[in-house]
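Taking it in order: structure first as structure tokens, then the write-up.
No lab work stands behind these numbers, since they all come straight from the coordinates. Note that the structure is predicted; figures quoted are calculated from it, not measured. Reconstructed Cβ throughout: ideal geometry from the backbone, glycine too, with neighbour counts over all protein chains shown.
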Amino acid sequence: VQLQASGGGLVQAGASRRLSCLASGRAFSDYIMGWFRQAPGKEREFVATISQTGSNTYYSDSVKGRFTISRDNSKNMVYLQMNSLKPEDTAVYYCAAKRNYYNSYDSRNYEYWGQGTQVTVSS
């Protein structure tokens, strides 16, 4: 599967932004999807993950209550709605996909990655 993330940009603190990730290929609904981010000089970190049907979602503590991950299997899309953005949310955001059931918080378990989209939050 190929992934293409979009929706990044420059926003002010407190604003909202929605990221999208389009998956090409068949059997999108077989994949667990995740969003990760990487700030300059830092390691890539887990943001959110969603199960194949969308019934289960998990978030990092840093975004819980502010971000929402969702998916539309009919459109091969996964989304990350980001509210109440903070300057520390500034990073390149990546969507990722996997079919295994290894730890979904660990980026090493994801098989496919999008190219990343930059989100910059100004104070």
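Taking the criterion of being farther than 16 Å from Ser6 by Cβ, of a type in the set (D, E, K, R) and either in contact with a Lys or Arg (Cβ under 8 Å, 6 or more places away or on another chain) or in a strand (DSSP E or B) (or both), the only residue of the stretch 18-37 that qualifies is Asp30. Can you find a residue that is of a type outside the set (D, E, K, R), closer than 26 Å to Gly9 by Cβ and exposed (fewer than 12 other Cβ atoms within 10 Å of the Cβ) anywhere in the stretch 56-65? So far as the stretch 56-65 goes, yes, one or more of its residues are of a type outside the set (D, E, K, R), closer than 26 Å to Gly9 by Cβ and exposed (fewer than 12 other Cβ atoms within 10 Å of the Cβ).
Residue by residue through the stretch 68-106, note down the ones that are among the hydroxyl-bearing types (Ser, Thr, Tyr) and either under 17 Å from Lys42 (Cα atoms) or assigned to a helix (DSSP H, G or I) (or both). Result: Thr90, Tyr93, Tyr94, Tyr105.
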